Each structure stands twice: as C-alpha cells, then as structure tokens.
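What follows is one structure encoded as structure tokens, with my remarks underneath.
Here, each number is a calculation from the coordinates, and none is a lab measurement. Everything quoted here is computed from the prediction, not taken from an experiment. Cβ placement follows ideal geometry from the backbone for every residue including glycine, while neighbour counts extend to all protein chains displayed.
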Amino acid sequence: MVGNTKGRLRALFVRHGLFQDVRPGCPEQPRDTDRRQDIAARVLSQSRDGPGVHEVDDRKTNHTNRNRRRIGGITTRMNTVIITARRGRGKHLERVNGLPIVLYPILSAANSSADLASIWTDCPKMRSLATRNGVASFDRPKELCTDDSPHKDIIRHAVEHEEIGPNDNVIVLLGNTVNVTPALIDACFAILDRGDCDGVMTGWRAQDDHPMRAMTLKNGYVAAYGERGGSNRQGYPPVWFYDNGIWGTKGRCVGEMAGPPPWEWLGRKTRLVERPWVTGRDVHDGLDLAVSGFWLQIETLVGKHKVVYE
C-alpha cells in the first residue's frame with residue numbers, strides 16, 4: 001500500500017508540475033552545486049516586481065541524490081531536512097486526498113535535493129511511513145513531546161544528534177503540512193547557498209489580518225490591540241506572518257539561538273520567501289484539511305513565491 005501511495009503522490013506532484021519525474025530511464029539530472037547556484041541566481045535576479053522582491057517558482061525542481069559529507073577526505077557542506085511531528089491527537093495521520101498528511105512532507109523531503117532527510121517523532125506509524133519512503137526516522141524523546149515543548153529544543157536536539165556541521169544547511173518542516181513542495185525546499189537551499197544570509201523562512205504578507213486591525217476585549221467590549229491605523233489596508237506598512245512552511249538555517253545558528261524571536265534558531269540575517277496566498281500551510285482542523293485538498297487540485301495557487309528584501 002505504501003508503494004502505491006508514493007506512486008500516487010509522485011503522479012499528483014508531476015501532474016501539477018511540482019517536480020520532474022526522475023524515475024529510472026528518465027534523463028539524468030545535474031548533480032553538482034553549479035545547478036543550485038544557477039537556481040539561486042534565478043531566484044535572486046532582477047524582478048519585474050521592483051527592487052527587493054524576487055520570484056521563486058515552487059513547481060519545478062531537479063531531483064538529485066548527492067552525498068557531500070565526505071569528498072576526498074574533506075568535509076563539505078551538506079543539506080539536511082528535518083521533519084518534526086508528535087503523535088498528539090493524531091492530526092498528522094488524518095488524510096488529504098486519501099493520503100496521510102505526514103506523508104506529504106516526507107515525500108517532498110525525499111524528492112528534494114537534500115543529502116539527508118529525517119523525521120523526529122514518537123509515533124511508530126509515522127516512523128514506518130518515513131523509513132519505507134526513503135526518510136530516516138528517529139525516536140523523539142518523551143520530554144520533547146509535550147504540548148509545552150518548544151520547537152527550538154527538538155530542533156537543537158536533532159541537529160546535535162545528527163552531527164550537523166556549523167555551515168551545513170538545515171531546513172525544518174512540520175509534519176502536519178501538505179503544501180510544501182520539493183522545488184520550494186530546493187529554492188530555500190539555494191538561497192542559503194548564496195552566502196548573503198544564514199536563514200530563510202516562508203510567509204505571507206498581511207492584508208485583512210494586519211496587526212493594525214487586531215482587536216481585543218476590554219470589559220467585554222471590542223478595543224484596539226496595539227497600534228491602530230486607518231481602515232484602508234493599502235496604507236499600512238508591510239508586515240508578514242510565518243506560514244508554518246519552511247524554516248531554513250545553518251547548523252551554527254541552531255546552537256547560537258540568536259535569530260529573530262520567536263524563531264531563534266534562524267540566523268541573524270534571515271530572508272523571507274513570500275507566497276501568493278494568505279493563511280498558514282499547516283493542518284489543525286477540518287477547514288485546513290479542505291484547503292489542503294483544494295490546493296492539491298489546482299495549479300493557480302502553486303505559483304511563484306517571492307524573496308523579499310529590505
């Protein structure tokens with residue numbers, strides 16, 4: 001069943017252009033770092049959107065299977081994907097289009113250009129899905145499986161356990177996220193390879209959900225929360241929200257924990273990849289399930305992302 005499931009997901013991604021089909025017999029894809037630098041150059045090249053905003057196409061990628069940890073006795077930079085997931089209430093095993101939610105990030109990681117992909121979980125079923133689909137699985141410590149366990153603790157534990165080097169690229173995915181593609185993972189690796197940043201994260205630009213429209217209750221009545229702007233959202237300063245898609249960082253940054261709060265494991269210089277639709281990518285309820293299924297069925301929402309500069 002798992003093999004058939006993987007084939008169904010691969011066919012679905014290929015049909016929507018999310019990554020190239022590179023099964024045996026398909027044309028060989030480039031395997032060296034030049035390909036990734038080419039991606040980075042395209043990602044960060046001059047854009048029609050004006051200075052500071054550049055496009056990332058998350059629908060197309062070249063699958064590679066590199067192992068660059070040791071080459072001729074010399075340690076080189078490695079790309080790692082870490083998936084975090086807890087058994088919790090079982091949301092990771094809920095199904096979208098007939099497949100367990102956690103299988104989507106597993107296969108996206110496995111079909112990206114990562115040298116190593118792993119999942120850290122306390123759920124035997126999720127570990128089995130991972131190992132049977134080319135992703136290493138590790139037992140998540142009980143003390144890091146509570147509702148109050150900070151993300152930074154399990155990320156730091158994984159980086160230390162896997163002996164990830166200080167300059168290695170690390171991308172962290174949540175296990176309850178459907179719409180992170182292999183190409184988006186590769187694009188974020190390419191951004192980290194540029195050398196002008198040590199972190200990258202995905203997000204959306206605030207519109208109706210802008211902080212200047214936030215409200216609270218005082219004595220049971222609506223009151224402004226924080227700074228208040230006018231009712232015309234086009235006049236608000238630009239603000240972005242992390243979308244629970246990708247955290248990209250360097251191994252050393254996870255140890256330093258000096259990134260932008262509350263994402264301390266990111267680098268001091270973190271790029272933002274803006275995507276073209278609002279709300280988070282992760283799944284928490286029935287509406288999220290429906291949105292994820294809808295996203296898989298249409299191509300218009302799987303378009304270009306933008307790398308945002310100052």
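A few notes on this one:
- You can think of it this way: the chain between T216 and D196 has 3.3 nm of extra reach, that is 0.36 nm per residue less the Cα-Cα gap.
- Each Lys and Arg Cβ is given +1 and each Asp and Glu Cβ -1; about its Cα centre, the stretch 226-267 then shows a dipole of about 100 debye.
- Packing-based ranking, highest mean first, of 240-247, 197-204, 288-295 given that Cβ atoms within 10 Å are counted: 197-204, 240-247, 288-295
- In order along the stretch 173-179, the Karplus-derived 3J(HN,Hα) couplings, from 6.51 cos²θ - 1.76 cosθ + 1.60 at θ = phi - 60°, round to 10, 8, x, 10, 10, 8, 9 Hz, and Gly and Pro are given as x.
- Links that overshoot a 29 Å alpha carbon limit, given the list K91/K218; K218/K269; K125/K152; K142/K269; K91/K269: K91/K218; K218/K269; K142/K269; K91/K269
- For the stretch 117-214, averaging the sequence separation of C-alpha pairs within contact (under 8 Å, six or more residues apart) and dividing by the residue count gives a relative contact order of 15 percent.
- Highest mean first, the peptides 184-191, 248-255, 146-153 sorted by other C-beta atoms within 10 Å per residue fall in the order 184-191, 248-255, 146-153.
- Amide H contacts under 5 Å for D243, placed H, 5+ residues apart: T202, G203, W204
- Pair R233, D208: separation of 7 Å Cα→Cβ label points (nm): 0.7
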